[in-house]
2 protein chains.
Amino acid sequence: MAQQLIGAIEAGGTKFVAALARPDGTRLAETRIPTETPVTCFPALVDFFRTGASEHGTISAFGVASFGPIDIDPASPAYGTFTTTPKPGWSGARYQDALGSFGAPIVVDTDVNGAALGEWLQGSGQGCRTLAYTTIGTGVGTGVLRDGQSLMGFSHYEAGHIAVAHDRTADPYEGYCPFHHDCLEGMAAGPSIKARWGQSLSDLGSPADKVELIAGYIAQLAVNLVLLHMPDRLIFGGGVMKTLGLVEAVRTVTEKGIAGYVKAPQLDPGLRTYIVTPGLGDEAGITGAIALGKRALGQS
Amino acid sequence: MAQQLIGAIEAGGTKFVAALARPDGTRLAETRIPTETPVTCFPALVDFFRTGASEHGTISAFGVASFGPIDIDPASPAYGTFTTTPKPGWSGARYQDALGSFGAPIVVDTDVNGAALGEWLQGSGQGCRTLAYTTIGTGVGTGVLRDGQSLMGFSHYEAGHIAVAHDRTADPYEGYCPFHHDCLEGMAAGPSIKARWGQSLSDLGSPADKVELIAGYIAQLAVNLVLLHMPDRLIFGGGVMKTLGLVEAVRTVTEKGIAGYVKAPQLDPGLRTYIVTPGLGDEAGITGAIALGKRALGQS
């Protein structure tokens, strides 16, 4: 019997990572495609998977961990379709249309839910019943898993756009979000940081005052996640989180924000095991996408 | 065969409501007991149920919708036990100890999860896959149901203690929460309102400026619930929500806070069907407690 193969896609705001993998996670081929429009990205994905299939065998299932907003409800007629996004060309684009010619089942989830799944299976989230994975990068988003299943309401979550307390005297920056100005994403995502200071925090040399300012906004999400989801662990990934000292500062401000109100063994003093960075680093998303493909196979 | 009977308890910060009911919801007896300490409350509950059982028949199951913090994880060895609460006498008290002599299964959930369940079954939450029920009363809390099951992480949620944006120039009140001062509960719960203005909003005649101020804090929870849970509907109950004009003001500020970012048929213009008051009024909690008892029977 031929080996079953999985086509996996991690779709981010700047690039797609696509991989052809065995169900055990072994990758047979991998590529990167810039996130332009579906008109260019989708055919490039199809080409990659067609070439891979011709070399390695039939693709039995696809797993997609994608930026959004996107319909991730398997019961919805629009499952796998991008909804209203300001990103040109993406509204209405659908993974099933791109990948349908392979005749294989497709599981679609968000990029952060996919990364959460990768971390839950093989990274910093192992053993957690409730796990929150947040990316602070081009955008800000959080995926929450319960027993390895991503949670959602009528849509996936949009944690990046929570309102944050913003002292305009201490920090007069008006924020970068086209919808809310100084929501979390408007204050702490990569583009916001570059817009206000011209460079990333890392390129600025991770100055303590700026790191603490940004940590203060991120910690407000951390506190809200604790109070509204009570996760066993909070993982913070994404480009901004690579800033030296940032995760430590987020721990400090989050602990201060909780103020001893929530007591649980999970919340260790200093939150050093509670708030962590991804164990898989930048591999969390594609690892999760392969795992989603495995679910499409019905193998987990 | 004898009729199966359910013992139901709605435990609130000021009073317990206990009822003896048939599985169809018909109440055969009901009582109210002030929330003092377990030393007085628990024996009073047992007396009520003993008397009821002697008149109407054996109690086959108990459903409890209780204030917290309390362990609501059926898999936990401490299921049904109050955890660390500043309320004198309640830490470590356990419903199973109080009701164990009846030899009937006991399902314990939070007061807000119970009210959510009541509303989901018979009130304003009917037909919702994801439903959030918030009480703004003696305290502030939110329960979220997905397909009628309450969500939790390592504990039930503690939505009342989220940080809220607080402009100290416009509103110099320092807040009432012993842990966080000006968290949502510290600014918008009943005791906070009475502490700052001497009376409830209703007794003050529901003045528009004060109603709008309080609505501004409540709406921050509403926006966070949308972004972090995407419920199909938000129900706001509790004593404070009976203030004339308050739910309308919460709708207005919430819609402004979402700022068009989240688009879904659920979020109707003006949010008049999205943010609502309880269809069962003050009966949501005890209705939910009876339903929890029915679940303990394995009947739903």
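Mean separation of Cα pairs under 8 Å and 6+ residues apart, divided by the residue count of segment A:115-267: what relative contact order is that in percent?
It comes to 26 percent, rounded to a whole number.
Determine the principal axes of the Cα atoms in the protein assembly as shown, then give the extent along each, sorted from largest to smallest and rounded to whole angstroms.
Rounded to whole Å, the extents work out to 78, 64, 45 Å.
So if we plug the beta-carbon distance of A:LYS256 and B:THR40 into 1/(1 + (r/R0)^6) with R0 = 30 Å, what FRET efficiency do we get, rounded to 0.05?
So, using R0 = 30 Å, E works out to roughly 0.20.
To the nearest whole percent, what portion of all C-alpha pairs in segment A:6-136 is separated by more than 19 angstrom?
Considering segment A:6-136, 49 percent of its Cα-Cα pairs are separated by more than 19 Å.
Might you tell me the accessible area per residue for the protein assembly as shown, computed with a 1.4 Å probe and given in Å²?
Ligands and nucleic acids excluded, the figure is 39 Å² per residue.
Which whole-Hz ³J(HN,Hα) couplings does segment B:198-204 yield from phi under the Karplus relation 6.51 cos²θ - 1.76 cosθ + 1.60, θ = phi - 60°, glycine and proline marked x?
Along segment B:198-204, the couplings run x, 8, 6, 4, 5, 5, 6 Hz.
Hey, if you drop one equal point scatterer on each alpha-carbon of segment A:180-300 and run the Debye formula without solvent, what base-10 log of I(q)/I(0) do you get at q = 0.10, 0.17, 0.18 Å⁻¹?
With one equal scatterer per Cα and no solvent, log10 I(q)/I(0) is -0.37, -0.92, -0.99.
Antiparallel DSSP bridges in the protein assembly as shown: what percent, to the nearest 5?
Roughly 60 percent of the DSSP beta bridges within the protein assembly as shown come out antiparallel.
For B:TRP197, what accessible area in Å² do you get when you roll a 1.4 Å probe over the heavy atoms of the protein chains, rounding to the nearest 10?
60
Please give the length that would be gained between B:GLU30 and B:ARG272 if that part of the chain were fully extended, namely 0.36 nm times their separation in residues minus their C-alpha to C-alpha distance (nm, one decimal).
Value of the extension gain: 83.7 nm.
Taking both sides together, what accessible area is buried at the A/B interface, probe 1.4 Å, expressed in Å² and rounded to the nearest 100?
Protein heavy atoms only, the A-B interface buries about 3200 Å².
Order A:THR273, B:THR35, most accessible first, counting only protein heavy atoms with a 1.4 angstrom probe.
A:THR273, B:THR35
To one decimal in nm, how far is B:LEU28 from the same spot in the other copies, if labels go 7 Å from Cα toward Cβ? Please give the shortest first.
Relative to the other copies, B:LEU28 has label-point distances of 6.7 nm.
Just check segment A:42-96 against the gyration tensor rule for me: Cα atoms, a ≥ b ≥ c as the square roots of the eigenvalues, rounded for a/c under 1.5, and otherwise prolate or oblate depending on whether a/b exceeds b/c.
Oblate, since a/c reaches 1.5 and b/c is not below a/b.
Cut-off 10 angstrom, C-alpha nodes, Gaussian network model of chain A. Which of A:PHE179, A:PHE42, A:PHE82 fluctuates the most?
A:PHE179
With the contact rule set at Cα under 8 Å and sequence spacing of 6 or more, what percent relative contact order holds for chain B?
22
Quick one: grab the alpha carbon gyration tensor of segment A:99-161, order the square roots of its eigenvalues as a ≥ b ≥ c, and give me rounded if a/c is under 1.5, else prolate or oblate depending on whether a/b is larger than b/c.
Oblate is the answer for segment A:99-161, as a/c is 1.5 or above yet b/c matches or exceeds a/b.
Can you give the % of DSSP beta bridges in chain B that are antiparallel, to the nearest 5?
Looking only at bridges with both residues in chain B, the antiparallel portion is about 60 percent.
For segment A:1-157, calculate the relative contact order in percent as a whole number, restricting contacts to Cα pairs under 8 Å that are 6 or more residues apart.
For segment A:1-157, the relative contact order is 19 percent.
Expressed as a whole percentage, what fraction of the accessible surface of the protein assembly as shown belongs to carbon and sulfur atoms when a 1.4 Å probe is rolled over the protein heavy atoms?
On the protein assembly as shown, the fraction of accessible area on carbon and sulfur atoms equals 53 percent.
Which semi-axis lengths, in whole Å and largest first, follow from the square roots of five times the eigenvalues of the Cα gyration tensor of segment B:156-242?
Ellipsoid semi-axes (Å, largest first): 21, 16, 12.
Can you give the helix-only mean residue ellipticity at 222 nm for chain A, where every DSSP H stretch with n ≥ 4 adds -39500 (n - 2.57) and the sum goes over all residues, rounded to the nearest 500 deg cm²/dmol?
Per the formula, -10000 deg cm²/dmol.
What is the calculated FRET efficiency for A:SER202 to B:ARG50, with r their C-beta to C-beta distance and R₀ = 60 Å, to the nearest 0.05?
0.30
Would chain B count as rounded, prolate or oblate if I go by the C-alpha gyration tensor, calling it rounded below 1.5 in a/c and otherwise prolate when a/b exceeds b/c, oblate otherwise?
The shape class here is prolate.
Once both axes come from the Cα atoms, what is the angle between helix B:208-229 and the longest principal axis of chain B, in degrees from 0 to 90, rounded to 10?
70
Just to compare against my own numbers: the Cα pair-distance distribution for segment B:253-300, 10 Å bins, whole % per bin, please.
22, 28, 23, 23, 4
The values are calculated or read from the model by the stated rules, or taken from the named source; none is laboratory data. All values derive from a computational prediction rather than experimental measurement. Note that we place each Cβ from the backbone using ideal geometry, even for glycine, and neighbour counts take in every protein chain shown. Side chains included, ligands, DNA and RNA excluded: accessible areas come from the protein's heavy atoms. Shrake-Rupley method; radii C 1.70, N 1.55, O 1.52, S 1.80 Å.
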